[in-house]
Amino acid sequence: MTPFSLLAPAIARDVLDHALALGADFAELFVERKRRSQLSLLSSQIENISGGLDFGIGVRLCYGHKVLYGYTNQADRNELLRIVTLLAAKDRRDPVVTATAFDFTRLSDRNPIALPLSADKLLEQKIAYLHAMDAAARAESDKVSQFAGNVLGWEQEVEIFNSEGVQVSDRRHYNRIMAQTIAALGSEQSVGYEAPGAMMGWEHAASIDPRELALTATRQALVKLGAAPCPSGKLPVIMESGFGGVIFHEACGHLLETTSVAKKASVFHDKMGQLIANPAVSAVDEGLQGNAWGSINVDDEGMATQHTQLIKDGVLTGFLVDRMGALRTGYARTGSGRRESYKFAPASRMRNTYIEPGNHSLDDMLATVEHGIYAKRMGGGSVQPGTGEFNFNVQEAYLIEGGKITRPLKSATLIGTGPQVLKEISMVGRDLALSAGMCGSVSGSIPASVGQPPLKVDNILVGGNA
């Protein structure tokens, strides 16, 4: 990775020394420069072309378990000293910690980029890509009433300094392409949506045929028109690979972050080493996969990313731990301190979170189901923090009869709790897939991948309209 500097180390040193002189146990500067670009198409016309550049510095002081946070858009020494003085006003005390000299860490970049946003001269290509998606969607069926496409990219440069001697910088590139189709038949409407993303530049688009992406969203919408009503009640459900992992992410993953564990707001806070899932389930969170949407070289506290085993053969083996989470719980940090921008203090957050592959094929799972649901594509939903109670929409669903996938169904809803679902997963497939999403929590909205192989849930409440 090409070295760069956003803040003079001498200024960072003065600011951190000032914080320690006011009695802080720990002080940190998070310096960020972010470029953004977005193009959107609606009604076969380019609707919006926008972009921008943002710069800022977040200042974090810690007095024991108390966190004080502020930020500014200026890289001026006096401004940063002023913010530190204001933050420490009510907590200042005689110094108990001495500063450590910076030790600059040069990272090996696991996420190589060919076409960065800062050197992007590809506006016409992006416009052509959006029009190609629109044309493919509308040519597929006269039932397509609307198509919307988006191309979103951003380039984030960060530099982190702290009073323990950390000095590290990282450059991150993100690209996401979104396709949404609305189909209509009489008064009935249905929606299909697909939005792949990667930690890449515009070269990401080279691996995604615009026609195929648009048709994926379009066929999702069309298959639901005139589909049969979905049955209701407790049923076996087979969830397809990829975005099916959103249930694990939302209903279980957040309960394994020390953001909730440290406050005992998670049902898993005291379950370390205990069986919390069916032995068929093993799950990880990691940031190491090259160019994956949720990957990072280094977290937003300056720690190298790593592989964290959360569940192994049904047993809880790990939490996601940031610096403050480590202080409050005693568990070792996992390189999981993340934030949306300099405007947020970091918190323990997920990266690429997924259930690991098992040994079953989709046919193996289907053969065990006499009457149930095949959830090919999950949609959005809601989750109750602390308990993991969820309500998720199935965007594309089919009926399983006699071990075979038969009729398409109108959208179903899956209702349950994370802890309950973990125990009901009896079979896990071989083919792991990840999907891109944006995860919101106390430190803002961040890119995170969700994923799983196909898996069978023996018993879950299905809300249908039959």
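Things to note:
- With the convex hull constructed from alpha-carbon coordinates only, region 274-374 shows a mean projected area of 8.9 nm² over all directions.
- The Cβ shell under 11 Å around Glu28 holds other residues with a net charge of -1, Lys and Arg each +1, Asp and Glu each -1.
- Distance from the C-alpha centroid of region 359-417 to that of region 209-280: 9 Å, rounded to the whole angstrom.
- Using a probe of 1.4 Å on the protein chains alone, the accessible area found for His371 is around 90 Å².
- Legend: Rg and Dmax of the chain, from Cα coordinates, 23.9, 74 Å.
- Considering only beta bridges that DSSP places wholly inside region 233-463, some 90 percent are antiparallel.
- Straight-distance crosslink candidates among lysines, where the alpha carbon sits under 18 Å from Lys121 and sequence neighbours closer than 8 are dropped: Lys34
- Estimated at 0.36 nm per residue, the fully extended path between Ala139 and Gln125 surpasses their Cα-Cα distance by 2.9 nm.
- Legend: distances between Cα atoms for Lys66/Lys264; Lys271/Lys456; Lys312/Lys456; Lys343/Lys423; pairs beyond 27 Å are Lys343/Lys423.
- Over the chain: helical MRE at 222 nm, DSSP H runs n ≥ 4 each giving -39500 (n - 2.57), nearest 500: -5500 deg cm²/dmol
- Normalised alpha carbon radius of gyration of region 233-463 [divisor 2.2 N^0.38 Å]: 0.98
- Region 19-59 - charge dipole about Cα centre, Lys and Arg +1 at Cβ, Asp and Glu -1, debye rounded to 20: 220
- Packing-based ranking of 211-217, 96-102 yields 211-217, 96-102, ordered from highest to lowest mean Cβ neighbour count within 10 Å.
- Relative contact order for region 127-207, counting Cα pairs under 8 Å that sit 6 or more residues apart, in percent: 26
- Share of Cα-Cα pairs in region 149-264 lying beyond 23 Å, as whole percent: 59
- Rg(Cα)/(2.2 N^0.38 Å) for region 378-466, N = residue count: 1.20
- Using the average count of surrounding beta-carbon atoms within 10 Å as a protection proxy, the listed peptides 228-237, 63-72 rank, highest first, as 228-237, 63-72.
- For region 233-463, the relative contact order is 30 percent, taking Cα pairs closer than 8 Å that sit 6 or more residues apart in sequence and dividing their mean separation by the residue count.
- Percent RCO, i.e. relative contact order, over the chain, from Cα pairs under 8 Å lying at least 6 residues apart: 16
- Sequence-ordered 3J(HN,Hα) estimates for region 102-117 from the Karplus curve with 6.51, -1.76 and 1.60 and θ = phi - 60° stand at 5, 10, 5, 9, 9, 8, 8, 8, 7, 10, x, 10, 9, 10, x, 5 Hz, glycine and proline given as x.
- 15 Å beta-carbon shell around Leu255, net charge (K/R +1, D/E -1): 0
The values are calculated or read from the model by the stated rules, or taken from the named source; none is laboratory data. In this text the structure is predicted, and so the values were computed from the model without any measurement. Virtual Cβ from ideal backbone geometry, glycine too; neighbours counted across all protein chains shown. With ligands, DNA and RNA removed, areas are computed over all heavy atoms of the protein, side chains included. Shrake-Rupley method; radii C 1.70, N 1.55, O 1.52, S 1.80 Å.
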